[in-house]
Each structure stands twice: as structure tokens, then as C-alpha cells.
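K.L.:
The structure follows.
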């Protein structure tokens with residue numbers, strides 16, 4: 001598959017709208033709309049839900065961009081102004097997941113909202129948004145894997161972010177998009193069948209496992225041993241998911257111990 005499309009959709013000097021930016025915007029709109037719809041049974045005022053959604057999006061974008069910049073600081077050190085140019089591509093999705101989770105969770109907690117129930121509503125929406133956002137990588141070429149002689153994607157436009165034009169690379173972004181869509185379908189099917197908070201734990205843990213495996217096809221900088229940044233974050237996300245799933249049981253055990261001590 002050969003991609004010769006200009007990553008920039010519209011140029012409006014000094015700004016430009018890229019296909020990547022359009023994909024991220026579409027993913028955000030679709031994800032927030034679905035999350036708000038799935039949260040309706042919680043009977044929470046719309047304004048409260050929108051406030052949490054806003055902070056989740058902001059935290060996700062900051063986390064995604066921050067980790068991308070850290071991972072490729074050598075590209076931004078010479079021109080730091082490009083750090084804020086997210087419309088040109090460059091978001092570490094794992095950072096977005098962790099940043100959005102933290103910001104949204106804190107926002108919900110500080111306003112006295114049911115954090116675990118809201119997280120379950122967000123889970124399918126997040127998976128769908130990530131799948132849509134990966135479409136932007138199809139044009140920019142900023143999430144490809146190793147060179148391949150089999151099925152791959154080749155970029156010919158000089159604006160593409162691949163290491164070398166004319167070379168076929170593993171379409172890692174397509175693999176991840178497929179994983180996200182499969183996870184999205186599974187989460188929708190399991191809605192209402194798991195203990196409160198379980199759906200989000202399943203989303204975060206499953207995403208982490210898939211991210212870790214798929215990232216092994218990429219050739220980014222190694223941070224610890226043979227692990228890339230995204231893999232380290234996937235491990236962190238998996239630990240958070242396990243802790244999130246175990247927390248209710250730990251709380252019940254703690255209450256039982258305290259009740260026994262009072263007797």
C-alpha cells in the first residue's frame with residue numbers, strides 16, 4: 001500500500017490543518033459524545049458530565065503530547081515552539097490514556113461524582129476514540145514499524161514522518177486500530193455484566209496488553225533494557241488496571257477486619 005497524500009489538508013499561514021489533526025478532532029468528538037450517551041443511566045447533570053469530559057480530554061492531550069516530546073526530544077530541542085504543534089502529528093497514545101484517566105478521575109472525585117461508574121461509561125468511548133485517532137497515522141506515517149518485504153505501507157510524500165521515503169514499513173497503526181475496535185466491541189457487549197469499575201479495568205488492562213505486544217513491532221528508542229517507552233507505560237497501565245479491579249475487594253476485606261476488631 002502506497003501513501004502519497006500530503007499530511008497537510010489545508011494551509012492557512014501561519015497555521016495548517018493536517019489529516020492527523022482532523023482525525024484527532026473526530027476521535028475526540030466521537031469519544032465524548034459516546035461517553036455522554038453511555039453515562040445517561042447515572043442521572044448526573046449534563047453540565048457535570050461535560051466538565052469531567054473537558055478535563056479528561058485536556059489531560060489526555062497533555063499526557064499524549066508530553067510523552068511524545070520526551071521520547072523524541074532531540075527533534076524538538078532545536079525548535080521548542082514545535083512542541084505545541086499537535087496538529088502536525090505526534091501524540092503518544094499511551095500517555096493520552098494515562099493522562100486522561102488521571103485528569104478525568106480527579107475531576108470526577110473532586111465534584112463528588114461516582115468515579116468507578118463514570119469510568120465504565122468512558123471505557124468503550126475511549127477505545128472507539130483511539131481507533132478513529134489512529135486513522136491520522138495512516139497519512140502522517142508517524143506510527144509505523146520495521147521495514148518489511150511483506151504487507152506494508154510505503155510513503156512517497158516528503159511531508160511524511162517515516163524514517164525513509166519509498167520503504168515499506170509494518171503498518172503498526174492498523175494493527176493497533178484493529179485491536180482498539182475489537183476491544184470496543186467486547187466492552188459494549190459486556191456493559192452491565194461486570195461489577196462496577198470492572199469494565200474500565202478490562203479496557204485498561206486489555207489495551208495495555210495489546211499495546212505492549214504491538215509496540216514490539218516498532219523500532220523506537222529503548223528506555224529500559226529492550227523496552228520502549230510505550231511498553232513501559234503499558235506495564236504501568238496494566239498495574240493500574242489490576243489495582244483498580246482489586247480495590248473493591250481490598251476495601252471489603254478492610255471493612256471486615258475493622259468490624260471484627262470492634263466485636
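K.L.:
What angle, in degrees between 0 and 90 and rounded to the nearest 10, separates the Cα long axis of helix 198-215 from the longest principal axis of the Cα atoms of the chain?
P.N.:
Approximately 30 degrees, to the nearest ten.
K.L.:
For the range 18-87 and the range 201-217, what is the separation of their Cα centres, given in Å?
P.N.:
After rounding, the separation between the Cα centres reads 20 Å.
K.L.:
Assuming R0 = 30 Å, can you tell me the calculated FRET efficiency for the pair residue 181 and residue 16, based on Cβ-Cβ distance, to the nearest 0.05?
P.N.:
Details: r = 29 Å, r/R0 = 0.97.
Using R0 = 30 Å, I get an efficiency of 0.55.
K.L.:
Additional query: Considering only the chain, what is the antiparallel percent among its DSSP beta bridges, to the nearest 5? Intermediate values should be presented prior to the final figure.
P.N.:
Values: 9 of 11 bridges.
That works out to approximately 80 percent antiparallel.
K.L.:
If r is the Cβ-Cβ distance from residue 217 to residue 196 and R0 is 25 Å, what FRET efficiency results, to the nearest 0.05?
P.N.:
On the way: r = 35 Å, r/R0 = 1.42.
Using R0 = 25 Å, I get an efficiency of 0.10.
K.L.:
Sorting 4, 216 on the 10 Å Cβ count, fewest up front, what's the list?
P.N.:
Details: 4 10, 216 16.
Ordered by Cβ neighbours within 10 Å, fewest first: 4, 216.
K.L.:
Taking Cα atoms, how many degrees apart are the long axis of helix 229-262 and the longest axis of the chain, rounded to 10 and kept between 0 and 90?
P.N.:
Here the helix axis deviates by roughly 0 degrees.
K.L.:
On to the next question. Can you tell me the 0 to 90 degree angle between the C-alpha axis of helix 172-190 and the longest principal axis of the chain, rounded to 10?
P.N.:
Between the helix axis and the principal axis of the chain, the angle is about 20 degrees.
K.L.:
Based only on other Cβ atoms within 10 Å, what is the fewest-to-most ordering of 170, 220, 176, 50? Display every interim value, and only then the final one.
P.N.:
Values: 170 20, 220 15, 176 24, 50 12.
So the ranking, lowest neighbour count to highest, is 50, 220, 170, 176.
K.L.:
Just the projected area, averaged over all directions, of the convex hull on the alpha carbon atoms of the range 1-148: how many nm²? Present the calculation step by step, with values, prior to reporting the outcome.
P.N.:
Values: hull surface 41.9 nm².
It is 10.5 nm².
K.L.:
Something else about it: Can you sort 224, 240, 167 so the residue with the fewest Cβ neighbours within 10 Å comes first? Walk me through the intermediate numbers first.
P.N.:
Working: 224 10, 240 18, 167 14.
Ranking 224, 240, 167 by Cβ neighbours within 10 Å, fewest first, gives 224, 167, 240.
K.L.:
Between residue 33 and residue 78, what FRET efficiency comes out of the Förster formula 1/(1 + (r/R0)^6) with R0 = 35 Å and r the beta carbon distance, rounded to 0.05? Please list the in-between numbers first.
P.N.:
Numbers: r = 39 Å, r/R0 = 1.12.
The calculated FRET efficiency here is 0.35.
Quick note: the coordinates plus some simple rules give every number you see, no bench work behind them. The model shown is predicted, which means the values in this text are computed figures rather than measured ones. Cβ: placed from backbone, ideal geometry, glycine included. Neighbour counts: every protein chain shown.
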